[in-house]
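The values are calculated or read from the model by the stated rules, or taken from the named source; none is laboratory data. Note that the structure is predicted; figures quoted are calculated from it, not measured. Cβ atoms come from the backbone with ideal geometry, glycine included; neighbour counts cover every protein chain shown.
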Amino acid sequence: MKEEKNIHSGHRERLTASAMTSFDGLSEVQKVELFLFYVLPRVDTNPLAHKLLDKFGNFANILDADEKELAKIDGLGKNSAAKIKILHKFFEHYGQSKVKNTKLDLKQKENFYDALEVLLATSQTEILYIFAIDNNLCVTQYRKFERNDIKAVGIDTFALYDFVCSAKPMFLAVAHNHPGGTARASQDDHEAAKYIESLLANWDCEFLDSFIVGSDGIYSEYNDGFVRKKNSKIWVVK
């Protein structure tokens with residue numbers, strides 16, 4: 001038993017060293033195995049990595065999987081499944097924290113689209129953001145609304161009014177996601193954008209655009225089409 005523990009310990013050290021040298025050189029199994037070191041500190045995680053990949057297909061799907069489905073995997077269990085979901089939240093927080101410390105400028109379109117991906121692309125639930133924008137097209141403030149806060153028209157009128165009064169933007173943009181689906185706008189999306197535009201016309205604030213982030217790219221109401229489209233392995237930016 002002691003010898004087996006030493007073998008596992010040595011394997012962890014070797015795999016960690018390989019990751020530090022060339023993380024991209026690791027196989028998908030090795031990356032999942034390495035990730036599981038932080039979930040199960042004293043277990044051989046290689047068999048479990050194979051089970052998870054067989055079940056969910058890739059690393060992203062593992063992290064996005066329902067906690068109850070993860071807990072059903074032999075060798076994982078309820079507590080370890082919870083740890084995976086918590087680590088996922090840390091990854092999301094990392095991206096959001098970077099965005100908060102970055103000056104967002106709509107004149108630098110690629111950077112703004114990158115920020116939308118960080119904020120919305122990985123979420124498995126519907127989220128909506130509103131952005132206050134000054135006359136230099138720089139984002140001065142933004143606010144997140146969870147699924148329960150989002151109404152049929154896109155956002156609660158009073159919440160929108162409160163944000164406009166607080167931020168006093170020259171322009172306003174909104175962005176939401178279609179988890180696991182196309183970014184292409186639905187009829188409800190079109191109507192929601194028109195509704196927000198009509199509200200802002202009475203509040204001395206111009207509606208700049210409504211963006212939708214989906215699995216196939218980023219859609220813009222203003223452009224009535226994709227401004228960033230995912231084609232297999234590449235992103236096309238307009």
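Within region 55-70, is there a residue that is surrounded by 12 or more Cβ atoms within 10 Å (Cβ to Cβ), in contact with an Asp or Glu (Cβ under 9 Å, 6 or more places away or on another chain) and not aromatic (F, W, Y)?
Yes.
Within region 63-70, does at least one residue satisfy the condition of being out of contact with any strand residue (DSSP E or B) (no Cβ under 6 Å at 6 or more places or on another chain) and in contact (Cβ under 8 Å) with a residue 60 or more places away in the chain?
Yes: region 63-70 contains one or more residues that are out of contact with any strand residue (DSSP E or B) (no Cβ under 6 Å at 6 or more places or on another chain) and in contact (Cβ under 8 Å) with a residue 60 or more places away in the chain.
Of all residues in region 31-54, how many are crowded, with 17+ Cβ neighbours inside 10 Å and part of a helix (DSSP H, G or I)?
Selection size over region 31-54: 10.
For region 71-98, enumerate the residues that are of a type in the set (S, T, N, Q) and crowded, with 16+ Cβ neighbours inside 10 Å.
The answer is S80, and nothing else.
Which condition does F112 not pass, out of (1) assigned to a helix (DSSP H, G or I); (2) closer than 18 Å to P179 by Cβ; (3) modelled with pLDDT of 90 or more; (4) not β-branched (V, I, T), if it passes all the others?
Status for F112: all satisfied but (2).
Go through (1) in contact with a helix residue (DSSP H, G or I) (Cβ under 6 Å, 6 or more places away or on another chain); (2) assigned to a loop (DSSP other than H, G, I, E, B); (3) of a type in the set (S, T, N, Q) for T182 and report which single condition fails.
(1)
Quick check on this structure: which one of S198, S166, S186, S220 is closer than 17 Å to L106 by Cβ and either hydroxyl-bearing (S, T, Y) or within 16 Å of the chain's Cα centre (by Cα) (or both)?
Exactly one of S198, S166, S186, S220 is closer than 17 Å to L106 by Cβ and either hydroxyl-bearing (S, T, Y) or within 16 Å of the chain's Cα centre (by Cα) (or both), namely S220.
Tell me whether region 33-52 contains one or more residues that are over 30 Å from K144 (Cβ atoms), assigned by TED's automatic domain parsing to the domain that holds G10, touching a residue at least 40 places away in the same chain (Cβ under 8 Å) and out of contact with any strand residue (DSSP E or B) (no Cβ under 6 Å at 6 or more places or on another chain).
yes
Among residues belonging to region 115-149 that are among the hydroxyl-bearing types (S, T, Y) and part of a loop (DSSP other than H, G, I, E, B), point out the one that is nearest to the chain's Cα centre (by Cα).
Only one residue fits best here, namely T122.
Would you tally the residues in region 192-217 being in contact with a helix residue (DSSP H, G or I) (Cβ under 7 Å, 6 or more places away or on another chain), over 17 Å from A132 (Cβ atoms) and touching a residue at least 40 places away in the same chain (Cβ under 8 Å)?
Selection size over region 192-217: 1.
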